[in-house]
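Chemist: Got a structure for you, written out below as structure tokens; questions coming shortly.
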Amino acid sequence: MSKPLQSASIAAPGFFGLNTQESSVTLQDGFALVADNCVIDRFGRLGARKGYRYLTSGSTGVNLIGLHRFVDITGSETIISWSATSFFTGVGTLTQITPTTDNTITTGNWQCATLNDKAYFFQRGYKPMVYDPVAGTITDVEDEHNVTGTPPSGNTVLSAYGRLFVADTATDKMTVFFSDLLNAQHWNSGSAGSINLESILVKGTDEIVGLGAQNGQLIVFCKQNIVIFGDTGGSSTFDVANLRLVEVISRVGCVARDSIQNTGLDIFFLSEDGLRSLGRVIQEKSLPMRDLSANVRDDLVDDTIAENVNDIKSVYSEDNAFYLLLFPSFQRIYCFDTRAPLQNGALRVTLWDTQTQKNMLALPNAVYFAQTNGIVDYATFQDNGTAYRMKYFTTYFDFGSASQFKILKRLATTVIGGSGQDFVLKAGFDYTDSYQSFPAQLATKAVDEYGISEYNIAEYETGTLVEVVRSATGGTGNVLQIGFESNVNGAELSLQKLDIFVKQGRVF
């Protein structure tokens, strides 16, 4: 007598994101063992990431490695970018600015901050520089009119509460310097001053890596500690004349300056043991820590150790609800979905490969990347006009009986994608790296026209929803894994559902 088919259904494949940390045998089927070039969309589906397109033309070989959005007092926006040796303004066309400076610029690891209608550039070992939007020039801060004191040559700068806060100079890793109120030319007059951490840290010295601001407090990220300052009045203006120590969090710190991102309600940063959250519980006085990368921690730590920490970059995009962490040496981005944490407090994560950008910048309704030939944005479903490979592999299935052979009979998948989109379903047994492949294609559907003259658009629908069923006989084993791969080439592609049908045979 023939045994009936048994089925397993994944309603939202990869909904929990990538998990390389736990045992793959016991993982829930909502996790993915591979999730390359994917995002979790707003409907909870695993779909293809967007690609990038060049906004800049005619700037071959500028090799951009940094970006800053400067908004002047009138609300006018200027994108300032830089390479290892040069500065530019603009997006479509880059206008080079030659700084008037004593610096011999050979490294572009600048951190930039805006204060009182000017943009300031800081990098360890270099004199701080300032961009004046009226004159369109970049000069040394010390050469500006009415400067008092010596602006610190720090590696990290933060504009908050009406001041510039600067730290991490070549000779002083433990002091935070701050400018006068609304005046980055005054460093030893007015209300300018400094905070030395040596008398605060009780377990030896440390090194300041970066700075942050949240809820009227100044957050100082060291390598092994996080120090939090407020003022005695609890004022959101942060009165430097009445500073108080709020908390010292020991045994955790930040290893990469440019991993620090303020999400509005939280601050994310990269520590030596993964991506962390400095989540403040409003009803409590403590600042509990949360491990956002728990599901990929070992992989992320390995990449952090191998990468030059000065090159690690990040961006938070509220519009896309993701935090991106870039490791340029590996051409790899960890994409953390920020809509809602998982049960263990981690964020859902996917990986993007073949990422050639060097830095990132979030704007309202856009994300920009610094690339070899200029500025690109996060858009379309191609990488500079070429296809990229999307991959998803399930966890391992044993259908409740790891000791019985399974015979794969049929696969059914519901895919949202472009008309005629090709993809491949794969099946492997017993943890093998060798998979059977079953090519498939979404149905070809004509594009609907919608009345160009009335609505000023030519296309009403560019995709189709199709359930594809493929025969897949001959594969046998105790444990089964299914994969989905496609060359994404200009159209959205998402997985809605995956159904697996098998017959179970004799006990092994």
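Chemist: Do you know the Lys pair count in the stretch 102-253 for C-alpha distances under 23 Å, with sequence separation 8 or more or different chains?
Modeler: On the way: 118/127; 127/173; 173/203; 173/223; 203/223.
For the stretch 102-253, qualifying lysine pairs total 5.
Chemist: Let me ask you something else. In Å, the Kirkwood hydrodynamic radius of the stretch 102-253 over pairs of distinct alpha carbons? Show your work: numbers first, answer last.
Modeler: Working: mean 1/r = 0.0634 Å⁻¹.
Taking the inverse mean of 1/r over all distinct Cα pairs, the stretch 102-253 comes out at 15.8 Å.
Chemist: I'd like the orientation of helix 297-306 relative to the chain: the angle between its Cα long axis and the longest Cα principal axis, in ° from 0 to 90, rounded to 10.
Modeler: Orientation of helix 297-306: about 50 degrees from the principal axis.
Chemist: With the cut-off at 1.5 for a/c, could you classify the stretch 266-403 from its C-alpha gyration tensor as rounded, prolate or oblate?
Modeler: Details: a/c = 1.63, a/b = 1.13, b/c = 1.45.
Oblate, since a/c reaches 1.5 and b/c is not below a/b.
Chemist: Under a no-solvent Debye model with one identical scatterer per Cα of the stretch 47-184, what's log10 I(q)/I(0) at q = 0.21 Å⁻¹?
Modeler: -1.34
Chemist: Moving on to the next point. Express the C-alpha Rg of the stretch 192-345 as a ratio against the empirical globular expectation 2.2 N^0.38 Å, rounded to two decimals.
Modeler: Numbers: Rg = 15.8 Å, N = 154, 2.2 N^0.38 = 14.9 Å.
Its radius of gyration relative to the 2.2 N^0.38 Å reference: 1.06.
Chemist: Which of the three applies to the chain, rounded, prolate or oblate, going by the alpha-carbon gyration tensor with a ≥ b ≥ c and a/c under 1.5 meaning rounded? Display every interim value, and only then the final one.
Modeler: Working: a/c = 2.65, a/b = 1.72, b/c = 1.54.
Prolate, because a/c is 1.5 or more and a/b exceeds b/c.
Chemist: Å³ per residue of the Cα convex hull, for the stretch 115-183? The partial results should precede the final answer.
Modeler: On the way: hull volume 5.6 nm³, N = 69.
So the per-residue Cα hull volume is 81 Å³.
Chemist: A further question on this structure: Which order do peptides 91-97, 316-322 fall in by mean Cβ count within 10 Å, highest first? Before the final figure, lay out the partial values.
Modeler: Values: 91-97: 14.9, 316-322: 18.9.
Ranking, from highest mean packing down: 316-322, 91-97.
Chemist: Let me ask another. Tell me which lysines have Cα within less than 29 Å of residue 50's Cα, excluding those fewer than 8 residues away on the same chain?
Modeler: Cα-Cα hits under 29 Å: 313, 358, 391, 426, 445, 497.
Chemist: Using alpha-carbon pairs under 8 Å, 6+ residues apart, how would you state the relative contact order of the stretch 102-253 in percent? Can you show the working numbers first?
Modeler: Values: 350 pairs, mean separation 21.9, N = 152.
That works out to 14 percent.
Readers should treat all values here as calculations from the given coordinates under stated rules, not as data from a laboratory. The structure displayed is predicted, hence computed values, not measured ones. Note that each Cβ is placed from the backbone with ideal geometry, even for glycine, and that neighbours are counted across all protein chains shown.
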